[in-house]
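Rule-based calculations on the coordinates, nothing more; no lab input. Keep in mind that this is a model prediction, so the values were computed, not measured. Using ideal geometry, Cβ is built from the backbone for each residue, glycine included, and neighbour counts are taken over all protein chains shown.
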Amino acid sequence: MSRSRKKTPIVATANVASEKDDKQMAHRRERHDVKIQLAQGGEPDIHHHPHSGSEQFSKDGKHWVNDPDPKDMRK
């Protein structure tokens, strides 16, 4: 995609290259909680995900760049 460019200058703020480890740990904790709820005879709340979210993950989100570098605008 040598000619592909972003239209909006929004870049990610990251301390890590990937959130893969964070997502794996969140899903493990969620599966563990569901397993416990089922063993106790209750119904798991499948719409509530307390272990996932941007505040628990290593990436900090995105921010707007006023004067973006051409490298930041590549896809």
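Ranked by how many other Cβ atoms sit within 10 Å of their own Cβ, fewest first, the residues Ser18, Ser58 fall in the order Ser18, Ser58. Calculated [222 nm] ellipticity per residue, helices only, for the chain: -9000 deg cm²/dmol; basis is -39500 (n - 2.57) per DSSP H run with n ≥ 4, divided by all residues, nearest 500. Modelled spin labels at Ala17 and His47, positioned 7 Å past Cα toward Cβ, are 3.9 nm from each other.
Lysine pairs in the chain whose alpha-carbon atoms fall under 28 angstrom of each other, counting only those eight or more residues apart or on distinct chains, come to 25.
So for the chain, considering every pair of alpha-carbon atoms, how many percent are separated by more than 18 Å? That fraction is 59 percent.
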